[in-house]
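First up is the structure itself, then whatever we jot down about it.
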Amino acid sequence: MTPEEYQNQRRIEVEQLAKEKFAKLIKISPEQLIEVEADKNEKVRIYDRFELTTKKTPDFIAIDGSERSGNSLMFIEVNEPQGGLMKAYGIGEQLQNAMKNAPLSNGMDGNYSRVILNPPNSPINGEITNKVKNTYKKYSFNRTSAPEPSLNTGLLYCMGDTRHETIEEKNNFVSMSHAQFFTLLGEACLTLSGRKKGFPELHSCKNKVFAIDFCDEFKFMGFVAFIGGDSAVGYNYIVANKRFLKAKANFVAKRLAKLATTRGRLEC
């Protein structure tokens, strides 16, 4: 299998996993998440029915039959944090070196190693949230001939259930995907909130919907979800735009609004 074939197979596997887990998290049927990227016939059917003029294609469109326009459709993109940024900027090597000679102490005596996953002024913070910016730009605007933007855009960051590393780990001490997943959590939350909310606030909402005011740069983004897997299994978060929840333009928004209000647990 060529690297390209493997990456394509991996992408399909993670998209299926994201579909199943997200449906379970918010308690909807997986069949309501239509795979328009993988199924061209479904794409044509939906795009024609709702008079979508955009040439952009998300991984899924969520439909339950209540939608009345192209802008009310829930466009959802999927991305898997694979740990590549941790390798590209030398964080993986730092983590391995820190773990190589683990001190026989609890760190209280100062005998510990510290690694900063996203050093200040490093390119990691910008690159790690590029997917949010690209998804927003592609799917929240110019869906139809109408000029109005759509709040109904979502992004799923989903870790695979089996370990997948883009670097070779000689001692197999730490998962780069895990490190990138948690770095992504904090930085994406800061980005969406205009630097007002970060990992401490988000972490307290583990397995819950975290409703916040998205900053002007992302005011028409609906939500960004983080679905943990492998070493981060059981760590699930949904950061939702309060404007999106209030508008309740489709069944996904209504479901998330209810979960946010009742503080219902996200379990998959």
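The values are calculated or read from the model by the stated rules, or taken from the named source; none is laboratory data. Bear in mind that the values here come from a model prediction, so they are computed numbers and not experimental data. Accessible surface is based on the protein model in full, side chains and every heavy atom, while ligands, DNA and RNA are left aside. Shrake-Rupley method; radii C 1.70, N 1.55, O 1.52, S 1.80 Å.
Below, the figures for the structure above:
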item: For segment 142-155, 3J(HN,Hα) per residue [Karplus equation, 6.51 cos²θ - 1.76 cosθ + 1.60, θ = phi - 60°, Hz, x = Gly/Pro]; result: 6, 6, 10, 5, 6, x, 5, x, 10, 6, 8, 10, x, 10
item: Fraction of accessible area attributable to carbon and sulfur, segment 1-145 (%, probe 1.4 Å); result: 49 percent
item: Structure-based [θ]222 nm, the chain - -39500 (n - 2.57) summed over DSSP H runs of at least 4, per residue, nearest 500; result: -11500 deg cm²/dmol
item: Accessible area per residue in Å² at 1.4 Å probe, computed on the chain; result: 50 Å²
item: Distance violations [Cα-Cα > 20 Å] among 55/133; 131/219; 137/219; 43/258; result: 43/258
item: Gain on full stretching of the segment that runs from residue 48 to residue 137 - 0.36 nm per residue minus C-alpha separation; result: 29.8 nm
item: Given (1) 22.7; (2) 14.7; (3) 15.7, the label whose value is mean projected area of the Cα convex hull in nm² derived from this model; result: (3)
item: Distant-in-sequence amide H partners of residue 207 (H built 1.01 Å from N, under 5 Å); result: 236, 237
item: All lysines inside 23 Å of residue 100 as judged from Cα atoms, apart from same-chain residues fewer than 8 positions distant; result: 87, 170
